[in-house]
Amino acid sequence: WLQQRSPCLESKQRSAQIACLSDRYRERLAALEGGELVACAKPRLTGKSFALACAALNNKLQLSFTLARQKADSEATLSKLSVVKAGGNPQDFTVDGSIPFDSLTTALELVDVNFDGFGDIKLATQSSAGPNMGYTYWLYAPKAGRFEASAIDDQLSGFDIIPAPKSKTITATGRSSCCSWNSTIYGWSGNTLRTRSSSDTMSFSPSSLLGLKASDTLCGSQTKHFNDAGLVIRINLELDSVKDFDPKGDNLCDKQQLTAQGNLLAKLKAKSYRLDAKDPYHFSVIFLQPQKDVD
């Protein structure tokens, strides 16, 4: 853990030092409280190639990892992940990804995403200009005694991934655009990860609402609720009105958009759902016939 913490002090920017140290101490506390932590040494460079050695702490399988490929400027290109279980043979996985070289030592995590009591591999394999990250997952199969590739990569990516063992759900948050954030809650149905609800905050296009166009924009938040077939059964809307506009403050939409929003709400009448309204700007759209999500 000291090998992982010490590089935080190499940055010349105090804010970067604080952010890095905060992450390392948070992870260490989680490990001491019984969570799983992957600790990585400083990457070993040979010319443009690197090798990253990591070990899992507080893990019943006693795992060690090696991540390798090459460094180009400030980017690390990933191509191979090797996993060794104590007393077992290594498993080699092909990896296709590129992340900042400075992020290597924190790119690998063990997270029990399917709540079976075993840590699953979560590897950062893609970064963006915003805070979102793309991840590749390998789930541990207890009967086979090995990690297996998963199809949940596209679902469990974004700014933050938070499993909730008590409810057996996983929340993935991320930025949808410059002016919109999203949050999706997933749950398992057998071996399939299904969307339970998804929320958009700030400005969004409510394409799933009949009577509105994809080009229409609402300001506030919407939360969609899904059935096991992946169809929308209810949408909760909490919207801003023109009276919420602050000429001197930050606003989700300008005054013209908020004025138009009142006109858009007038279109949401007598479609294939009913409205359960607290007030004109806080209400639920309940679909009489579940609808496909078209956003």
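Worth a mention:
- Top-ranked residue of segment 48-88 - restricted to ones that are within 23 Å of the chain's Cα centre (by Cα) and among the small types (Gly, Ala, Ser), ranked as nearest to ARG146 (Cα to Cα): ALA56
- Of the set (1) open to solvent by 20 Å² or more (accessible area, probe 1.4 Å); (2) touching a residue at least 40 places away in the same chain (Cβ under 8 Å); (3) in a strand (DSSP E or B); (4) not acidic (Asp, Glu), all apply to ASN114 but (3).
- Considering only residues in segment 49-65 that are free of Cβ contacts under 8 Å to residues at least 60 places away in the same chain and not aliphatic (A, V, I, L, M), the one that is farthest from ALA39 (Cα to Cα) turns out to be SER49.
- Applying a threshold of 6 Å to beta carbon distances and a minimum spacing of six or more residues, or different chains, the list of pairs starting in segment 141-162 at a residue that is within 19 Å of THR94 (Cα to Cα) and ending at one that is open to solvent by 70 Å² or more (accessible area, probe 1.4 Å) and acidic (Asp, Glu) reads ALA141/GLU148.
- Scanning segment 118-144 for residues that are more than 16 Å from the chain's Cα centre (by Cα) and open to solvent by 40 Å² or more (accessible area, probe 1.4 Å) yields PHE118, PRO142, LYS143, ALA144.
- Matching option when the condition is at pLDDT 75 or above and farther than 27 Å from MET133 by Cα, among LEU237, LEU218: LEU237
- Close pairs from segment 224-235: first closer than 16 Å to LEU193 by Cβ, partner surrounded by 17 or more Cβ atoms within 10 Å (Cβ to Cβ) and charged (D, E, K, R), Cβ under 7 Å, at least 6 apart: PHE226/ARG196
- Among (1) without any contact (Cβ under 8 Å) to a residue 12 or more places away in the chain; (2) among the polar types (S, T, N, Q); (3) over 21 Å from HIS225 (Cβ atoms) - the single one THR192 does not satisfy: (3)
The values are calculated or read from the model by the stated rules, or taken from the named source; none is laboratory data. What you see is a predicted model; the values in this text were computed from it and never measured. No Cβ is skipped: glycine too gets one built from the backbone with ideal geometry, and neighbour counts run over all protein chains shown. Accessible surface areas use protein heavy atoms only, side chains included; no ligands, DNA or RNA. Shrake-Rupley method; radii C 1.70, N 1.55, O 1.52, S 1.80 Å.
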